[in-house]
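What follows is a set of notes on a single structure, which appears directly below.
The values are calculated or read from the model by the stated rules, or taken from the named source; none is laboratory data. Because the structure is a prediction, the values reported are computed rather than measured. When we count neighbours, we look across all protein chains shown, and the Cβ atoms used for this are built from the backbone with ideal geometry, even at glycine. What goes into the accessible areas is simple: the full protein's heavy atoms, side chains included, and nothing from ligands, DNA or RNA. Shrake-Rupley method; radii C 1.70, N 1.55, O 1.52, S 1.80 Å.
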Amino acid sequence: MKIIFKDLCKYFGRVKAVDNLNLEVGDGEFVALLGPSGCGKTTILLMIAGIYKPSKGFIYFDERVINDVSPKDRKIGMVFQSYALYPHMTVLNNIAYPLKLKKVHRKEIKERVQKVADMMGIGELLDRKPAQLSGGQQQRVALARALIKEPEILLLDEPLSNLDARLRIMMRSELKRLQKDLGITTVFVTHDQLEALTMADKVAVVNSGCLQQFSGPDELYNHPKNLFVAGFIGSPPINFISVSLQKSDGRFLLKNRYLQIELAKKIGSKAENNSTSSEILLGIRPEHITINKKEGIETEVYVVEPLGRDILVSVKLGKSMIKVLALPSFKANMGDRVRLNFNLDKIMLFDKKSEKSLLLDKD
Amino acid sequence: MRLRQKPRAALAYLALIVPSALILVGFLWLFITSFSIRTEGLRSLGWTLSNWSFLWKSPFGPQYPSIWWVTLNTLVMSLIMTLIVVVVSSMTAYALSRMKFTGRKSFLSLTLILHAFPSVTLLIPIYFVLIWVSKIPVIGRGVPLLGGLGYNTIGGVALVMVAFQLPFGIWVMKGFFDNISWDMERSALIDGASRFRVWWEIMMPNIKPGIAALSIFSFITGWNAYLIPLTFTAGRAGKSAVLSLYLQNFISESVMTEWNAVAAVGLFQLIPVVIFFLFTQQMLLNIYGGGKKGGV
């Protein structure tokens with residue numbers, strides 16, 4: 001089932017929790033709502049669930065406006081961050097509850113519970129109470145309860161945030177696999193970019209109630225639409241350097257006191273056309289900078305942090321700090337003079353005022 | 001550390017033991033007196049069971065109701081009151097805790113004001129209300145056991161007690177409901193439950209400690225009630241008398257008060273409450289602990 005948001009707004013008193021959201025989640029898609037805490041992503045999810053009513057705008061399931069449809073008639077399953085299991089019921093009764101409310105025959109309930117519980121690997125735990133289960137098991141119960149209704153839309157609120165690190169990585173792949181196997185349109189909320197990028201087909205980045213970008217993980221990482229997305233996605237985070245864009249003899253140069261970079265003509269002219277001022281921001285990810293001791297922009301090593309697979313070198317360029325990912329073979333001490341080379345295909349340029357990327361084609 | 005903690009603990013015990021001892025002496029006196037012919041302080045001047053004779057024959061003559069009838073009255077009144085208080089408070093508190101509606105805030109503050117309202121000032125207006133209710137056929141004064149809901153009936157007294165107890169009950173229950181996660185309720189709504197089912201099947205089982213605490217509290221309040229039964233029944237000789245009124249029979253102006261008998265009846269009234277309290281004091285503590293245990 002498709003979910004379409006049209007000019008969707010939600011106000012709590014004077015606070016705009018969701019501001020003019022337009023988005024389309026395709027049938028069978030796995031979509032992440034990503035954003036910092038309090039950005040309105042859970043509000044969006046609860047509006048899909050029917051717990052909150054939109055203040056303005058519409059939500060469609062396929063062609064049908066469901067603004068005023070009650071939660072139970074929406075054919076949705078939801079897993080809450082706290083799992084929200086019913087502590088006074090056994091696992092069996094927890095999972096069976098939606099069917100019991102639908103007045104499904106007892107025998108059929110039992111069969112279906114057993115089936116979904118086996119699928120989730122909790123078939124042995126049906127007689128226990130939620131308090132007797134581990135976090136991971138509780139989550140599986142919550143998932144089983146959401147899935148037993150055979151919903152057309154599955155909603156997950158921070159599904160992995162209460163699990164320990166190892167279990168989280170395991171559940172990440174399992175959830176992705178489960179979603180693909182069942183083909184249920186799924187929307188999940190997370191503040192963890194890694195979760196969003198690894199699991200989702202498409203990620204909607206939300207900040208202060210506004211949609212920043214809605215695209216595939218690849219696009220999001222390599223072609224962020226604005227400063228917020230660029231800064232929010234990626235770990236270690238992207239470097240921003242204040243530069244001025246100058247044109248001399250048909251060549252495009254990015255300059256500040258400490259560096260000078262020549263841009264390819266195509267990139268340069270695009271940036272010039274899109275920018276409102278020559279003072280712009282250069283964005284470059286730590287892995288797109290190479291570090292050596294012979295040639296390039298001269299800097300000084302501030303600190304070196306080994307990460308195992310590679311090392312994170314912080315260098316000082318003037319007053320600003322730049323993070324560089326280097327191979328573990330690179331040896332440097334604090335205070336060493338080193339030189340940087342930027343991968344010019346990967347640089348991003350942003351307007352300082354509008355914070356928009358200068359490298360996108362104008363719509 | 002340990003050296004500093006020990007005197008502190010000792011002080012705490014001292015602060016608890018002194019007032020407890022004072023209260024305990026009172027109970028001890030009650031116990032000794034009820035089995036004595038006469039007492040001098042805590043010393044008995046001869047033991048007897050005669051003070052307890054009210055158990056098998058009415059000490060005031062046949063026109064007075066027997067102690068067992070009075071006990072049944074008290075029990076019915078307390079139970080009815082407890083039942084209504086728990087059901088109404090938990091439904092009201094659920095709505096106040098979870099739903100948005102106009103007047104919610106003012107309703108809450110009004111309840112709080114009512115809780116603090118000196119109920120004595122309302123006795124006379126309520127008397128007229130009950131007299132008026134009495135005139136309604138059947139429910140006024142024609143119900144078996146309860147008598148009805150009007151003046152001089154067990155039901156009527158219970159109703160007034162409920163009214164005075166509700167503000168407290170609503171606030172206590174609201175505290176317990178507030179502590180249950182919204183997610184659980186939302187989850188149930190998505191699972192397809194109606195509001196009523198959410199309340200009954202999801203919320204109520206999870207505030208059992210709150211229900212228990214409020215029930216015990218209401219029951220004890222009903223059992224010990226004096227002023228309201230006194231005002232709204234025909235008096236201590238009537239068929240609607242409760243234990244506290246029965247006790248009053250012993251104290252009159254014309255005859256010397258038999259304090260030993262008073263002690264025995266007092267003890268008799270006390271026993272159920274003490275037994276009840278011993279088994280449930282843990283739950284009662286919940287009510288003042290903000291209902292923290294009411295959650296998961």
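Data table
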quantity	calculated
Probe 1.4 Å, all protein chains present, accessible-area order of A:302, A:11, largest first	A:302, A:11
Average partner coverage of A:69-77, which counts Cβ from other chains inside 10 Å	3
Size of charge dipole - the range B:59-289 - debye, nearest 20, with Cβ of Lys, Arg +1 and Asp, Glu -1, no other charges	580
With Cα atoms, 0 to 90° folded angle of helix B:259-288 axis to chain B main axis	20
Residue B:258 accessible area, 1.4 Å probe, all protein chains in place, Å² to nearest 10	110
Space enclosed by the convex hull of the alpha-carbon atoms of the range B:59-289, per residue, Å³	156
Between helix B:2-34 and chain B: long-axis angle, C-alpha atoms, 0 to 90°, nearest 10	50
The range B:105-155 - Rg and Dmax from Cα coordinates, angstrom	14.3, 40
Relative contact order of the range A:255-353, pairs being alpha-carbon contacts under 8 Å that are 6 or more residues apart, as %	36
Hydrodynamic radius of the range A:228-315 per Kirkwood, over alpha carbon pairs, in Å	14.9
Sequence-distant lysines (8 or more away, or on other chains) whose Cα lies within less than 30 Å of residue A:270	A:202, A:225, A:247, A:255, A:316, A:319, A:323, A:346, A:352, A:353, A:356, A:362
The range A:1-44-the range B:1-57 distance, computed between alpha-carbon centres (Å)	67
Estimated dipole of the protein assembly as shown in Debye, rounded to 20 [Cβ of Lys and Arg +1, of Asp and Glu -1, Cα centre]	580
Equivalent ellipsoid semi-axes - Cα gyration tensor, the protein assembly as shown, angstrom	73, 30, 24
Peptide A:80-86 - average C-beta neighbours from other chains (10 Å radius)	6
Cβ-based charge dipole, chain A, positive-most Cα from A:163, A:211, A:335	A:163
Relative contact order of chain B, pairs being alpha-carbon contacts under 8 Å that are 6 or more residues apart, as %	25
Computed [θ] at 222 nm, deg cm²/dmol, the protein assembly as shown (DSSP H ≥ 4; -39,500 (n - 2.57); rounded to nearest 500)	-14000 deg cm²/dmol
Kirkwood-based shape ratio for the range A:166-229, expressed as Rg/Rh from alpha carbons	0.99
By accessible area with a 1.4 Å probe, ligands and nucleic acids excluded, highest first: order of A:29, A:295, B:185, A:262	A:295, A:262, A:29, B:185
Inverse of mean 1/r across different Cα pairs in the range A:122-279, Kirkwood, Å	19.3
Area of residue B:250 that stays accessible when all protein chains are in place (1.4 Å probe, Å², to 10)	20
Heavy atoms of residue A:9 accessible to a 1.4 Å probe, total area in Å² rounded to 10	10
Dipole of chain B, positive end: most advanced residue of B:181, B:35, B:139 [Cβ charges, Cα centre]	B:181
Convex hull volume per residue in cubic angstrom - Cα atoms of the range B:2-48	70
Size-normalised alpha-carbon gyration radius of the range A:285-363, reference 2.2 N^0.38 Å	1.25
Computed over chain A: relative contact order in percent, which uses C-alpha pairs under 8 Å that are six or more apart	15
Number of partner chain Cβ atoms within 10 Å, mean per residue of B:189-200	6
Order of exposure, largest accessible area first, which applies to A:145, B:186, A:106 with probe 1.4 Å	A:106, B:186, A:145
Nearest-ten-degree value, helix B:123-134 long axis tilted from longest Cα axis of chain B	80
